[in-house]
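The values are calculated or read from the model by the stated rules, or taken from the named source; none is laboratory data. Just so it is clear, the structure is predicted and the values come from calculations on it, not from any experiment. Backbone-built Cβ (ideal geometry, glycine too); neighbour counts: all protein chains shown.
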């Protein structure tokens, strides 16, 4: 059987990453630096022959994927886009500057909202959160993991090479499952913008992991 490959890429820096604002489900484009980051990770992936790709419903992840596929000259592969891979929804914090939020609520409270596993930010209805939604990392995993386990992982275990361009928290939930991280361990996990994590599978099992 062919060795399956799973490449997880966090999107390049977005305009709101640059402005230090909570982004979540707000559909913000890549910054100029983010465009370069996506192109650079594409250069690192030259030599990989992907069979298909998956991304979220948000522009910054889709644009990152497009730029990678341009670099590796594989724009014709099948692509599936789904909100299951979206970033964590930051509730009433969406659009707010992180430093200003810390000044308003206190640094410790904001740290709990950002880094805890199962505590979500406020759900207040705002202009950028009209439905009053809010997610913890646990909530994000509850929608991301079933999609990953049903749609993506079986292809990898069958020997395909799959590229996933998504977001810090949707990817953290996937890595948590693959690497068998505890709730305490995943809190410390950081995935940088434009970073790729490469897993190689031999049938059911992970044989290697590499960070690009």
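Numerical summary
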| read-out | value |
| --- | --- |
| Selection count where residues are within 30 Å of residue 32 (Cβ to Cβ) and at pLDDT below 95, scope the stretch 192-209 | 0 |
| Selection within the stretch 64-85 - farther than 19 Å from residue 6 by Cβ and either under 13 Å from the mean Cα position of the chain (by Cα) or at pLDDT below 95 (or both) | 75, 76, 83 |
| Members of the stretch 139-152 found to be farther than 17 Å from residue 89 by Cα, surrounded by fewer than 19 Cβ atoms within 10 Å (Cβ to Cβ) and out of contact with any helix residue (DSSP H, G or I) (no Cβ under 8 Å at 6 or more places or on another chain), listed by number | 150, 151 |
| Of residues in the stretch 104-139 being under 19 Å from residue 84 (Cβ atoms) and in a helix (DSSP H, G or I), the one nearest to the chain's Cα centre (by Cα) | 137 |
| Matching option when the condition is crowded, with 20+ Cβ neighbours inside 10 Å, assigned to a helix (DSSP H, G or I) and touching a residue at least 24 places away in the same chain (Cβ under 8 Å), among 87, 37 | 37 |
| Residue in the stretch 182-189 that is at positive phi and in contact with a helix residue (DSSP H, G or I) (Cβ under 7 Å, 6 or more places away or on another chain) present | no |
